[in-house]
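Notes follow the structure.
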Amino acid sequence: MEQLMTKLKASAEAIRARIGDQPVEIGIVLGSGLGELGDEIDDAVVIPYRTIPHFPISTVPGHKGQFVFGKLQGRRVACMQGRFHFYEGYGMDQVVYPIQTMKMLGINNLLLTNAAGCVNTGWKPGDLMLIKDQIKLIPDSPLRGPNPDELGERFFDMSNAYDKHLRAYARQCAEKLGIPLHEGVYQLFTGPNFETPAEVRVARLLGADAVGMSTVPEAIAASHMQMRTLGISCLTNMAAGILDQPLNHQEVLETGERVKKSFQLLVKEIVHGWPM
Ligand code: HPA
């Protein structure tokens, strides 16, 4: 663990050398369809992950892999344009390394976004969902192994992983903008395959409203470090088997494109008045 903390400190120091001493208020992970928000940041300092010591290396072609530090809606933010996924071959510890780096930079507020498959048959592609809770049945954890005591406790609470007060605040923001916002449970699957129809039925039986391949490890690491976390999914497609048609990544991209305006508006509104 000594080693993890040494690495995190080196990563954070390298970032501080670029961005200066100003406090950063909110960390934002931009999921599929939201990446462009990173281009709207004022006084931007762009730091490619590959230039940060000890950072995992991005593998997905066409995916940006960089931090954008600066101001969004007047708030000091750290935006991740591109995240690390388990299906790319990273360990879950590597997937959450950037979140732990944010904490080392003093960031205590986190907004996670993603694209997800819609399991709830009452909803439709293009809808947005505030994450209320999550399910991970994959027998792995980003905190498996020796506990980094400096970051958090060995056994930690997940009953408010997606902060109740922040969720109430996010619902207010959506209402103000007239953007419909569901609230539901997100279940992690490893990918890279989309789920089978049978797996989607199981997810629904378990209480999931959406399925996806990210976010859950990051929310676990955030809880470990007692970061106040909010999560929003863009439901880009009905999950497998609900409609009589095969899934494809194209549909995910197209829906993401179609709703990105309102998704971006909502995120900006949330960031603007984020209660500290
Ligand atoms: N399943 C998993 N991940 C996803 C999906 C899906 O249907 N859509 C977008 N990301």
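Readers should treat all values here as calculations from the given coordinates under stated rules, not as data from a laboratory. Quantities reported herein were computed from a predicted structural model and do not represent experimental measurements. Please note: Cβ atoms are built from the backbone with ideal geometry, for glycine as well, and neighbour counts cover all protein chains shown.
Let me see the pair-distance distribution of region 93-230: every alpha carbon pair, 5 Å bin width, integer percents in order. Binned Cα distances yield the sequence 2, 9, 19, 21, 20, 14, 10, 4, 1, 0. For region 145-267, the Cβ-based charge dipole about the Cα centre amounts to some 400 debye (Lys, Arg positive; Asp, Glu negative; other atoms uncharged).
What's the magnitude of the charge dipole for the chain around its Cα centre, counting Lys and Arg as +1 and Asp and Glu as -1 at the beta-carbon? Answer in Debye, nearest 20.
On the way: 27 positive and 30 negative charges, 63 e Å.
My answer is approximately 300 debye.
Could you put D21, D127 in order, starting from the residue whose Cβ has the fewest other Cβ atoms within 10 Å? If you can, show how the numbers build up before the last one.
Working: D21 5, D127 20.
Going from least to most buried by this count: D21, D127.
Residue-normalised convex hull volume from the C-alpha trace of the chain: 120 Å³ per residue.
As a proxy for reagent exposure, M225, M276 were ordered by neighbouring Cβ count within 10 angstrom, fewest first; the result is M276, M225. Peptides 94-104, 257-267 ordered by packing proxy, namely the average of other Cβ atoms within 10 Å per residue, highest first: 94-104, 257-267.
In what sequence, highest mean first, do 210-219, 140-149 appear when ranked by Cβ atoms within 10 angstrom? All intermediate terms of the calculation are to be shown ahead of the outcome.
Numbers: 210-219: 26.5, 140-149: 14.7.
Highest to lowest by the protection proxy: 210-219, 140-149.
Considering only A115, C79, P53, and ranking their Cα positions along the charge dipole of region 1-116 that arises from unit charges at the beta-carbon of Lys, Arg, Asp and Glu, the one farthest toward the positive end is P53. Listed peptides 32-44, 226-238 appear in the order 226-238, 32-44 once ranked by packing, highest mean of other Cβ atoms within 10 Å at the front. Give me the lysines in straight-line cross-link reach of K64: C-alpha distance below 16 Å, same-chain residues under 8 apart excluded. Counting by Cα, and skipping residues close in sequence, K64 has no lysines nearby.
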